[in-house]
Amino acid sequence: RERMLDGTVEIDHFHLGGRPRINPDDPPPGRGRKGLPNTQKTPVMVIMQRPDDVTPGTPAGDARAAVVTGLSLRAAARAAEAQIDPDAYLMSDEATAFIALGENYARHDTVKHSSREYVRDAVHVNSVEGFNSRVRRTIAGVFHHISPQHADLYFHEIGFRWSQRVITGQVVWKSRNGRERMKTMWSRVPPALQLLQVFRAATGRQMRRSPDDGIIVKSAVAVFG
C-alpha cells in the first residue's frame, strides 16, 4: 500500500490523445469535457502533494497519476480514496466532481478558472498543472505518441524526473506585462541519491531485470517520489 498523501494536496486531470481523424459520417468529436463521450481522448487523474515550504533543500512533493474511466465523481473518488489522507487540505479547480469530492477531506478550496482566477493567496493548482504541461511537452517532443494501455510506464519516467528535485531558493520573476512574483528555483537530486526513491517505490511490488540490465518495477498506478 502506498503512503497516503497528506498536508496540502492538489488534484487535477488532463486528456491524452490528439485530434482524431475526421470521418464525414461521424458526429463532431468535441474538445475536453464538452466532447465526452464522443472524444477519443483518454482522461488522466493527477494527485500531487505540495512541498511543505520553500526552504532550500526541501524536496519536491510526491505525485501520482492514473488513467481513469471518466471524470465522474465515482471515478475521481476511486482514484483519490486510496491515495489522499482524509485529514489533507485538498485544492482543485471548479470541476463538479472535485467540488463534491472535497467533502471527504478536512479542508477543500477551489480556484475558479472560468472567472480567470488562478491564484488566491495560497490556493492554487499551479503545481499539478505544471506537471500536466510537462507530460504534454514530453509526449510531443520525445515520445510523439503513447497508448493509454501503457501510459503508466511513461508517467513513471516523466514523473520520476519531475520528483528528483530540491528547492534551491527563490528569485523575483517579471512577466511580460511588468508584474513581479517570486519564482521557486530547483536543482536536480544527485543520481546516487535517486536510487533511494527507486527502491522506496518498489516496496511490495514485483521487480524484474530488463533486457538492458536495468530495473523494471511493475505497478498499476504511476507513483513519483
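Candidates Ser147, Ser127: the one that is modelled with pLDDT of 85 or more and in contact with a strand residue (DSSP E or B) (Cβ under 7 Å, 6 or more places away or on another chain) is Ser127.
Between Asp12, Asp52, which is modelled with pLDDT under 85, out of contact with any Pro (no Cβ under 7 Å at 6 or more places or on another chain) and either part of a strand (DSSP E or B) or more than 21 Å from Tyr154 (Cα to Cα) (or both)? The conditions single out Asp52.
Considering segment 135-160, and only residues there that are of a type in the set (Val, Ile, Thr) and in a helix (DSSP H, G or I), the residue that is surrounded by the most Cβ atoms within 10 Å (Cβ to Cβ) turns out to be Val135.
Condition check ((1) among the polar types (S, T, N, Q); (2) within 18 Å of the chain's Cα centre (by Cα)) across all residues:
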site: Ala106; (1), (2): no, no
site: Ser114; (1), (2): yes, no
site: Tyr118; (1), (2): no, yes
site: Arg136; (1), (2): no, yes
site: Gly141; (1), (2): no, no
site: Ile146; (1), (2): no, yes
site: Ala151; (1), (2): no, yes
site: Lys174; (1), (2): no, no
site: Lys183; (1), (2): no, no
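For segment 70-98, give me each residue that is without any contact (Cβ under 8 Å) to a residue 24 or more places away in the chain and either in a loop (DSSP other than H, G, I, E, B) or of a type in the set (A, V, I, L, M, F, W, C) (or both). Across segment 70-98, the qualifying residues are Pro86, Glu94.
When you look at Thr203, is it β-branched (Val, Ile, Thr), surrounded by 13 or more Cβ atoms within 10 Å (Cβ to Cβ) and either modelled with pLDDT under 85 or in contact with a strand residue (DSSP E or B) (Cβ under 7 Å, 6 or more places away or on another chain) (or both), yes or no? No.
The values are calculated or read from the model by the stated rules, or taken from the named source; none is laboratory data. Keep in mind the model is a prediction, meaning the values are calculated, not measured. With ideal geometry, Cβ positions are generated from the backbone for all residues, glycine too; neighbour counts draw on all protein chains shown.
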